[in-house]
Protein chains: 2
Amino acid sequence: MTPPPAPFYPFGRSTGHGPDIDLHPQLARDGLWLGRLSACQLLLMNDSRYPWLILVPNQEGLTDFDQLPERLMPGVHEDIRHASQALRNLFQPDKLNVAALGNVVPQLHIHIIARFCQDAAWPKPVWGLLPPLPYAEKRVQEQTARLCAALGLG
Amino acid sequence: MTPPPAPFYPFGRSTGHGPDIDLHPQLARDGLWLGRLSACQLLLMNDSRYPWLILVPNQEGLTDFDQLPERLMPGVHEDIRHASQALRNLFQPDKLNVAALGNVVPQLHIHIIARFCQDAAWPKPVWGLLPPLPYAEKRVQEQTARLCAALGLG
């Protein structure tokens, strides 16, 4: 077996710019850390098939959406809205999918995915359907830069 | 083509006990109306493979989660939590899936699904994987009665 690729943090975890909480190894492996919003860490899923953000609420030990404490809820909502609107403004999707599933990765995380009538999975959900198609290095720099600008990060 | 089955409302739409808003025909066809919560209509998905609730926020014309107006948000949250905890208490699931997808039915609706490591779709998402297995009549009466009791409805 080849070892999994090392986590990739576009803005350099080694300089102290990294997630404020521990991420589940699979989230750290599959996602590119973009920054922090009001109540969540923000990742870009490293699958170039779909513009796909992941919010990880800033509290360790959470697994299900209904376990979010009241004090985090307004911030998580603001983050869902902020991330959704950034995807909407940048990509003009036909639909946004918002979901907390967690059947594979137990740490609570919320997917926000820009969907298009012509995308590879439409109209099915994206999870488990096709293997991820990681971004090429140049493309990921462009994508993260556009997203961070739209989100007011960086 | 056989015509789709008529909507089924366990508590009798004809007596005035029915949804306060118009439901998309597919939601009305696939879901059994259980009642109203704080800010949403509550449906039981007529698929006996999974305990599966659907919340439809009480405002027509919404399609995406981030379009929920501020005034509805606290109620929708309370409803997500209330429905989730009822499923958790009744069925002790391994996981709850919470999702607003809408690729097929545009009216904003939020799925809350009790998932089990042994269910038919695990660990995949349930949508589009297997044809629904409608409840037998006796079973649906039991299921709706249990859910309504757990949810304080009826």
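Quick notes on this structure:
Okay, residues lined up against (1) over 21 Å from residue B:71 (Cα atoms); (2) out of contact with any Asp or Glu (no Cβ under 7 Å at 6 or more places or on another chain):
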| position | (1), (2) |
| --- | --- |
| A:26 | yes, yes |
| A:38 | no, no |
| A:50 | yes, no |
| A:78 | no, yes |
| A:93 | yes, yes |
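- Residue check for residue A:151: farther than 30 Å from residue B:84 by Cα and touching a His at 6+ places or on another chain (Cβ under 9 Å): yes
- Every residue from region B:112-128 that is out of contact with any Pro (no Cβ under 6 Å at 6 or more places or on another chain) and within 8 Å of chain A (Cβ to nearest Cβ): B:122, B:123, B:124, B:128
- Region B:133-154 - residue that is modelled with pLDDT under 95 and part of a loop (DSSP other than H, G, I, E, B) and, of those, least open to solvent (accessible area, probe 1.4 Å): B:153
- Residue in region A:69-81 that is open to solvent by less than 10 Å² (accessible area, probe 1.4 Å), aliphatic (A, V, I, L, M) and in a helix (DSSP H, G or I) present: yes
- Pick from region A:19-44, criterion of a type in the set (D, E, K, R) and out of contact with any Lys or Arg (no Cβ under 9 Å at 6 or more places or on another chain), ranking: least open to solvent (accessible area, probe 1.4 Å): A:30
- Of A:38, A:84, A:48, all but one fail to be closer than 24 Å to residue B:63 by Cα and at pLDDT 90 or above; the exception is A:84.
- Out of A:7, A:93, sole residue that is part of a loop (DSSP other than H, G, I, E, B), within 23 Å of residue A:132 (Cα to Cα) and at pLDDT below 95: A:7
- In the set (1) more than 16 Å from residue B:34 (Cβ to Cβ); (2) of a type in the set (Lys, Arg); (3) surrounded by fewer than 16 Cβ atoms within 10 Å (Cβ to Cβ); (4) in contact (Cβ under 8 Å) with a residue 12 or more places away in the chain, residue B:95 fails one condition alone, (3).
- Qualifying residue in region A:45-65 (condition: touching a strand residue (DSSP E or B) at 6+ places or on another chain (Cβ under 7 Å), within 10 Å of another protein chain (Cβ to nearest Cβ), crowded, with 19+ Cβ neighbours inside 10 Å and assigned to a helix (DSSP H, G or I)): yes
Residue-by-condition table, conditions (1) part of a loop (DSSP other than H, G, I, E, B); (2) out of contact with any Asp or Glu (no Cβ under 7 Å at 6 or more places or on another chain); (3) surrounded by 21 or more Cβ atoms within 10 Å (Cβ to Cβ):
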site	(1), (2), (3)
B:83	no, yes, yes
B:88	no, yes, no
B:108	yes, no, yes
B:112	no, yes, yes
B:117	yes, no, no
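- Complete set of residues in region B:82-106 that are among the small types (Gly, Ala, Ser) and under 30 Å from residue A:94 (Cα atoms): B:83, B:84, B:99, B:100, B:102
- Cβ pairs under 8 Å, 6+ apart, first in region B:128-141 and over 13 Å from residue B:46 (Cβ atoms), second open to solvent by 80 Å² or more (accessible area, probe 1.4 Å): B:128/A:124
- Among the conditions (1) away from every other protein chain (no Cβ under 11 Å); (2) touching a Leu at 6+ places or on another chain (Cβ under 6 Å); (3) not aromatic (Phe, Trp, Tyr), the only one that residue B:131 does not satisfy is (2).
- When residue A:109 is tested against (1) in contact with a Leu (Cβ under 7 Å, 6 or more places away or on another chain); (2) at the interface with another protein chain (Cβ under 9 Å from one of its Cβ atoms); (3) within 20 Å of residue A:26 (Cβ to Cβ), exactly one condition is not met: (2).
The values are calculated or read from the model by the stated rules, or taken from the named source; none is laboratory data. Being a predicted model, the structure only gives us computed values, none of them experimental. Note: ideal-geometry Cβ built from the backbone for every residue, glycine included; neighbour counts use all protein chains shown. Heavy atoms of the whole protein, side chains included, go into the accessibility calculation; ligands, DNA and RNA do not. Shrake-Rupley method; radii C 1.70, N 1.55, O 1.52, S 1.80 Å.
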